[in-house]
Amino acid sequence: MNTNANSSLPKEKQRLRAQINKTLAQLHYDRRQIAKNVLENLLLLDKFQKASTFGVFIDFRNEIPTSLFLPELYRRRKGDATFSIAAPYCLDSDMIFYRIPTPVENADGTTRLPGLERSRYGVLEPNAQTRADGGALVQPLEFDVMIVPGLAFDHTGARLGRGAGFYDRYLPLLRPDALRVAVAFDEQILPEVPHDANDQFVDAIVTPSRIIRANRPV
Ligand SMILES: Nc1ncnc2c1ncn2[C@@H]1O[C@H](COP(=O)(O)OP(=O)(O)OP(=O)(O)O)[C@@H](O)[C@H]1O
Ligand SMILES: [Mg+2]
């Protein structure tokens with residue numbers, strides 16, 4: 001379980017993905033409370049507080065419900081013209097990020113995300129109108145923060161994703177000083193996550209209960 005060339009690594013990753021997916025499917029949690037706690041912890045990070053341009057994945061299935069904390073994040077930065085949030089749009093093997101319109105909080109606490117629509121895989125992504133808006137496209141070097149999804153993480157910042165390699169290809173394009181922060185349930189933090197040379201590390205992992213700082217000051 002290290003960076004050595006190891007033919008069993010893909011199998012080990014697959015085994016871990018299945019194990020974590022099973023754990024996540026068995027979790028019972030209050031989505032709003034989880035989102036609130038995760039945002040509170042994110043806001044404790046200096047680089048997060050100071051950031052203007054954010055990249056954020058929109059949660060799908062058992063991921064940390066990022067969509068639920070977006071209205072609060074916008075509210076905190078109301079009137080700040082430098083502030084924006086961009087969400088990923090997936091092509092065959094690449095992601096492109098587009099700024100999204102201000103999310104709306106419904107009376108029942110759920111969130112409406114204008115300018116997004118479900119992809120054929122069911123993930124909410126910037127819709128054609130959002131993508132057509134001149135100025136919506138955000139280049140990788142513009143990001144101050146990237147909120148990263150993932151299935152499992154360890155204390156060194158090693159990350160196991162869902163297996164498509166999207167974030168392994170995207171994260172190296174960010175500025176070196178951009179904050180790469182993952183959000184995850186405590187159950188997704190493992191003693192050690194297997195990784196290879198392509199696997200990108202994160203700087204910190206934020207769970208509902210704590211912040212794990214990996215290798216750099218954040
Ligand atoms: N920088 C890269 N360039 C080209 N291919 C890559 C790169 N990084 C990863 N890949 C390929 O992408 C595939 C998936 O990688 P891996 O199993 O690490 O996915 P993952 O990190 O779990 O997924 P994701 O990053 O999408 O959450 C592998 O075939 C891997 O070789
Ligand atoms: Mg990987």
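Odds and ends about this structure:
- Inside the range 168-186, residues that are within 15 Å of ligand 2 (Cβ to nearest atom), open to solvent by 20 Å² or more (accessible area, probe 1.4 Å) and either hydroxyl-bearing (S, T, Y) or under 25 Å from H28 (Cα atoms) (or both) make up a count of 0.
- Meets criteria (surrounded by fewer than 17 Cβ atoms within 10 Å (Cβ to Cβ) and in contact (Cβ under 8 Å) with a residue 12 or more places away in the chain) for G115: no
- Restricting attention to the range 169-217, the residues that are within 16 Å of the chain's Cα centre (by Cα), of a type in the set (V, I, T) and in a loop (DSSP other than H, G, I, E, B) add up to 2.
- Residue in the range 119-129 that is open to solvent by less than 20 Å² (accessible area, probe 1.4 Å), outside any loop (DSSP other than H, G, I, E, B) and either touching a Pro at 6+ places or on another chain (Cβ under 9 Å) or away from ligand 1 (no atom under 16 Å from the Cβ) (or both) present: yes
- Residues of the range 159-175 satisfying the condition of being of a type in the set (F, W, Y) and within 6 Å of ligand 1 (Cβ to nearest atom): F166, Y167
- Positions within the range 137-163 being within 16 Å of ligand 2 (Cβ to nearest atom) and either in contact with a strand residue (DSSP E or B) (Cβ under 6 Å, 6 or more places away or on another chain) or open to solvent by 60 Å² or more (accessible area, probe 1.4 Å) (or both), in sequence order: M146, V148, G150, L151, A152, F153, T156, R159, L160, R162
- Checked against the criteria, D30 counts as modelled with pLDDT of 95 or more and exposed (fewer than 13 other Cβ atoms within 10 Å of the Cβ).
- Per-region count, the range 43-83, residues crowded, with 21+ Cβ neighbours inside 10 Å and assigned to a strand (DSSP E or B): 3
- Subset of the range 97-112 (residues that are more than 22 Å from P140 (Cα to Cα) and open to solvent by 40 Å² or more (accessible area, probe 1.4 Å)): V104, E105, N106, A107, D108, T110, R112
- Filtered residues of the range 187-212 (kept if open to solvent by 20 Å² or more (accessible area, probe 1.4 Å), within 16 Å of ligand 2 (Cβ to nearest atom) and touching a helix residue (DSSP H, G or I) at 6+ places or on another chain (Cβ under 9 Å)): L190, H195, D196, N198, Q200, F201
- Residue satisfying condition, being touching a residue at least 12 places away in the same chain (Cβ under 8 Å), open to solvent by 50 Å² or more (accessible area, probe 1.4 Å) and within 23 Å of R162 (Cβ to Cβ), within set A25, A18, A35: A25
The values are calculated or read from the model by the stated rules, or taken from the named source; none is laboratory data. Note that the structure is predicted; figures quoted are calculated from it, not measured. Note that we place each Cβ from the backbone using ideal geometry, even for glycine, and neighbour counts take in every protein chain shown. Keep in mind that these areas ignore ligands, DNA and RNA; they rest on the heavy atoms of the full protein, side chains included. Shrake-Rupley method; radii C 1.70, N 1.55, O 1.52, S 1.80 Å.
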